[in-house]
1. Restricting attention to the stretch 74-97, does a residue exist that is of a type in the set (A, V, I, L, M), assigned to a loop (DSSP other than H, G, I, E, B), assigned by TED's automatic domain parsing to the domain that holds Val126 and modelled with pLDDT of 85 or more?
2. When only residues in the stretch 275-288 that are loosely packed, with under 10 Cβ neighbours inside 10 Å and not β-branched (Val, Ile, Thr) count, which is modelled with the highest pLDDT?
3. Could you please give the count of residues in the stretch 405-449 that are surrounded by fewer than 17 Cβ atoms within 10 Å (Cβ to Cβ), at pLDDT 90 or above and part of a helix (DSSP H, G or I)?
4. Which of the residues spanning the stretch 333-355 are surrounded by 14 or more Cβ atoms within 10 Å (Cβ to Cβ) and outside any strand (DSSP E or B)?
5. Can you name the condition, by its number, that Asp233 falls short on among (1) closer than 17 Å to Arg43 by Cβ; (2) modelled with pLDDT of 80 or more; (3) outside any loop (DSSP other than H, G, I, E, B)?
6. When you look at Glu199, is it in a strand (DSSP E or B), surrounded by fewer than 19 Cβ atoms within 10 Å (Cβ to Cβ) and not assigned by TED's automatic domain parsing to the domain that holds Asp55, yes or no?
7. Can you tell me how many residues within the stretch 144-189 are aliphatic (A, V, I, L, M) and at pLDDT below 85?
Amino acid sequence: MATRSGDEAEGILVWRAGEEVSSHSHRLAGMWDVRGPAASVRRDALFRRGLVLADILAFMAAYALALAVPGGKTALSWGIVIGIPVIVVVAKLIGLYDRDESLMRKTTLDEAPKLLELAALGALLVWVTGNVVVAGGFDRRDAAILLVLFLLLLLLFRTAARAVALAAAPSERCLVIGDELAAETIRSKLVGLSGVKAEVVARVDLDNVAPWTSDSFSEPRLDEVRKLAQALDVHRAVIAPRSADAGEMLNLVRTLKAVGVSVSVLPRLLEVVGSSVVFDDLHGVTVMGIRRFELTRSSALSKRALDLLGASLGLLAVAPLMLIFAIAIKLDSRGPVFFYQWRVGRHGKRFRMIKFRTMVDNAEDMKEALRGQNESEGLFKIAKDPRITRIGGFLRTSALDELPQLLNILRGEMSLVGPRPLVVDEDRQVEGWHRRRLELTPGMTGPWQILGPARIPLKEMVAIDYLYVANWSLWTDVKILLRTVPYVLARRGL
């Protein structure tokens, strides 16, 4: 329930969620007896301590398991404990404990490159110290095993630590400083998103920003902002600057941070250039460098190599499964095993995409009659489509109907990861700079896939594709592939 509160806090607050504040505080009495900015401090400490414990346990467990591998020459030594403070200090230095306090969505996979550095350091530390920490020596084989085990256990234990911390901590209460559209956008993104436990509880209009800013940072002004944050039990402020003065925005950020409120900003510029930027320091002046849009030749070759390797290994692995599905489709209903459909590929070139047939043979002829039941904006999606066959329902919810697209990948028409391959009618709705999404080959999966394509309007989906192209990296593709696996196993469909 939302209520207007124009008379609250000198008219600054224009919206808040009903009786959320009082009920929230009552539920947490005795377990989380702090409010406002103090709650953020305690939550951040909970995550940091959990991650420190996870790193220590991962190091010790990896060490014990590496020495337990058959054929090793080493024996367990308690001297390894001298490596624990080194691991923790290095993790602190490279930002592995302070990252979460700046994020609303706390994920482990995004920090995998830094975890690899930490795992390599741990293995090198044990190898170099030799007999000091390992009775009987530690050779290259043992070091390699320790590196792999340490990396895997870091990923596993850190994921578990974050899950425990999210379950133990209360929901992060967010104040949106911006217009109603920004508040609704943030609220919709927080629903059902893994790694997030946050809610929008209030909104401040941009026109009311000035009363909340201060150049002098006088104690009365800071005390006023602090009291408002405590009264609403606000842990984080999300600022969506659109029309307000830039100076007021800077003062607002400084004021919020001065009273201990966590701050996130929705920068308009990154809607076009994405997050793949480099900050350049010109003697105290920070300049943001933006990478070029197209892939370099080496990047294109590395992406294609990943596609060929992944598609070839994939076909070898799933060939028996595809044969079983082909037989099941023929026995279930009349019609061909495969379904071919014209899609728009790279640079607007059309190609025939291959899928297992999941609908009755005349499904395309029935499309117009069912258009009134469409549940998506811009795309044609019906959750309980009457055209879907029995085996087709299983294939679609498990995304296994996509397996024949591995052939499209080998032919160069598709990629493992890329923009969504739209049908011709859908592609005609894409205009302007969004059409540059076709700079890359369309993908079997993509950033929009793991968000749930049936729930994403066409306009938002093509914007996600554009930013994927603008920020492409090989590691981005690997992350999307890894995140697609649990999505498929959960049978949420692609």
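1. Restricting attention to the stretch 74-97, the residues satisfying the condition of being of a type in the set (A, V, I, L, M) are 75-76, 80-82, 84, 86-91, 93-94, 96.
Within this subset, residues satisfying the condition of being assigned to a loop (DSSP other than H, G, I, E, B) are 76, 94, 96.
Right, trim to assigned by TED's automatic domain parsing to the domain that holds Val126 and you get 76, 94, 96.
This time we only want the ones that are modelled with pLDDT of 85 or more, so: 94, 96.
Checked against the condition, which is being of a type in the set (A, V, I, L, M), assigned to a loop (DSSP other than H, G, I, E, B), assigned by TED's automatic domain parsing to the domain that holds Val126 and modelled with pLDDT of 85 or more, the stretch 74-97 yields at least one hit.
2. Out of the qualifying residues, it is Leu282.
3. Total satisfying the criteria: 2.
4. Ser333, Gly335, Val337, Gly345, Arg346
5. (3)
6. Details: in a strand (DSSP E or B): yes; surrounded by fewer than 19 Cβ atoms within 10 Å (Cβ to Cβ): yes; not assigned by TED's automatic domain parsing to the domain that holds Asp55: yes.
Against the criterion (in a strand (DSSP E or B), surrounded by fewer than 19 Cβ atoms within 10 Å (Cβ to Cβ) and not assigned by TED's automatic domain parsing to the domain that holds Asp55), Glu199 qualifies.
7. Start the filter on the stretch 144-189 by keeping residues that are aliphatic (A, V, I, L, M), which leaves 144-149, 151-156, 160-161, 163-169, 175-177, 181-183, 186.
Now restrict to residues that are at pLDDT below 85: 177, 181-183, 186.
Going through the stretch 144-189 one residue at a time, the tally reaches 5.
The values are calculated or read from the model by the stated rules, or taken from the named source; none is laboratory data. Everything quoted here is computed from the prediction, not taken from an experiment. No Cβ is skipped: glycine too gets one built from the backbone with ideal geometry, and neighbour counts run over all protein chains shown.
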